[in-house]
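Report on the structure given below.
The values are calculated or read from the model by the stated rules, or taken from the named source; none is laboratory data. Because the structure is a prediction, the values reported are computed rather than measured. Glycine also receives a Cβ, built like all others from the backbone with ideal geometry; neighbour counts cover every protein chain displayed. Just so you know, the surface numbers come from the protein's heavy atoms only, side chains and all, with ligands and any DNA or RNA stripped out. Shrake-Rupley method; radii C 1.70, N 1.55, O 1.52, S 1.80 Å.
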Amino acid sequence: MSAKVFDSHAHMDSDYFDADREEVFARLGQEIAGMINPGCDNETSLKAITYAETYAFVYAAIGWHAQEVLRMKDEDLKKLEEWSQHPKVVAIGEIGLDYYYDDSAPRDLQKKRFIEQLDLARKVDLPVIIHDRDAHGDMLDIFHNEGKGLRGVFHCYSGSVEMAKELLKMGFYLGFGGSSTFKNAEKVRSVLKYVPEDRILFETDSPYLTPVPYRGKRNNPALTLLVAQNAALVRGTDVDALIEKSTENVKKLFQKII
């Protein structure tokens, strides 16, 4: 095997990496083709930009996660717009809806801030990185009504094949991570088997969702390789060819990536 995989979604800003972040980055520079670090608020978005400025293979995305919107202010949209001009800021994200925690962020506020960030992405002509947890119905409604002129990826895709068909028609990519290797993830694998090769992105969502056989340990972007190997097995295809195609997909979607 020779192809290096691109991790389209990893949170190296997490405190899980505080003890050895520089050492992990040093190894990753040899092990992967590249990675995108999405922000979840102002602080993590700025950290992502700092990593992108420090490491040639790292790119940043900026945005407010659904579970952080209680802290978001109107002026934060202006900050995102300013930061979006940075040459290594490749997307607005991680943004979306998360209904798993009922009390963390009111759903109406989540939708309001999500739509505002979609409008920003359209204005600055950047793709979006979408977080969708237990909110598939509202998510589809928003994209049917507000999605014109947008492109992006549904990261760590967890919806049905039917929803995937709708998103693919709209031009979206689907991201698959460690959860696609889990024993109970037959639904995710059915989508992974269905989605066209030119719409697949691989990711880790590090430090979370560590793929089998390391589930329960800290995830890191080097383990994107295990995600890709599993996907090749599920799809019955050559892993190197699939990795190369997924990296091509990354560069097609995130056009500021060299």
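Return yes when residue 187 is open to solvent by 70 Å² or more (accessible area, probe 1.4 Å) and in contact (Cβ under 8 Å) with a residue 12 or more places away in the chain and no when it is not.
yes
Looking at the structure I just gave you, is residue 161 open to solvent by 20 Å² or more (accessible area, probe 1.4 Å), over 23 Å from residue 96 (Cβ atoms) and in contact with a helix residue (DSSP H, G or I) (Cβ under 6 Å, 6 or more places away or on another chain)?
When the stated conditions are applied, residue 161 does not pass them.
Counting only residues that are open to solvent by less than 60 Å² (accessible area, probe 1.4 Å) and either at pLDDT below 95 or touching a Gly at 6+ places or on another chain (Cβ under 9 Å) (or both), which one in region 137-150 is nearest to residue 124 (Cα to Cα)?
Looking at the filtered set, the residue picked out is 150.
If I filter region 52-89 down to residues being touching a strand residue (DSSP E or B) at 6+ places or on another chain (Cβ under 8 Å) and among the β-branched types (Val, Ile, Thr), which single residue comes out as farthest from residue 102 (Cα to Cα)?
58
Only one residue in 244, 197, 166 is charged (D, E, K, R), under 25 Å from residue 26 (Cβ atoms) and in contact (Cβ under 8 Å) with a residue 24 or more places away in the chain. Which one?
244
Can you name every residue in region 196-215 that is of a type outside the set (Val, Ile, Thr) and either within 16 Å of the chain's Cα centre (by Cα) or open to solvent by less than 60 Å² (accessible area, probe 1.4 Å) (or both)?
Correct list: 196, 199, 201, 202, 203, 205, 206, 207, 208, 209, 211.
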